[in-house]
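The values are calculated or read from the model by the stated rules, or taken from the named source; none is laboratory data. On a predicted model such as this, the values are computed, not experimentally measured, just so you know. Cβ coordinates were reconstructed from backbone atoms using ideal geometry, including for glycine residues, and neighbour counts include every protein chain displayed. Please note that ligands, DNA and RNA were not included when accessible areas were found on the heavy atoms of the full protein model with its side chains. Shrake-Rupley method; radii C 1.70, N 1.55, O 1.52, S 1.80 Å.
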Amino acid sequence: MPKSSAQILICLSFATVRSTFAMSRQIILFILVGTLAAITHWGIVVAVVQALGAPALLANLFGWLVAFLVSFSGHYWLTFRQQQARLLPALGRFFMVSAAGFAVNEASYAALLKYSGLRYDILLGLILIALAVLTFLAGRLWAFRRT
């Protein structure tokens, strides 16, 4: 039986509300997982620099590697789970996204450490925040897409 214009409009309205709720939930989960990964990354860098006296750029590599595990696990199992991506392809794609983000992170970190005069820990925090939006878009649109 054909639907009236009002019925179609109501169905479209419900679909829009459902889609908006799903996106809001995804953004909230992304922020929570990303914050945990960023805190992990930052904490490891500070600990390695202070405890071992390692250079900040080397400590940044260790921080990124551990934070990658936190980030992938949280995004795969929470943030992007409704996209039903297969584990290994998602892991490979997210590693590429994360590694590209780390390359930008490390290059900007090196330049800013040399020229900005800011403390290494504050500078790293600012860089991690700046890369978060790019990571969300790449994760949503590519790394965790259903294959």
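Using the Cβ-Cβ distance between ALA100 and LEU141 with R0 set to 22 Å, the FRET efficiency from 1/(1 + (r/R0)^6) comes to roughly 0.95. Rg then Dmax, both in Å and based on the Cα atoms of the stretch 78-145: 14.4, 45. Counting only Cβ charges, +1 for Lys and Arg and -1 for Asp and Glu, the dipole size of the chain around its Cα centre is about 620 debye.
On the protein heavy atoms, probe 1.4 angstrom, tell me the percent of accessible surface of the chain carried by carbon and sulfur.
Values: 6840 of 9080 Å².
Here carbon and sulfur together make up 75 percent of the probe-accessible area.
Mind checking the per residue accessible area of the chain for me, 1.4 Å probe, whole number of Å²? Could the numbers behind the result be given before it?
Numbers: 9080 Å² over 147 residues.
Spelled out: the 1.4 Å probe surface of the chain, per residue, equals 62 Å².
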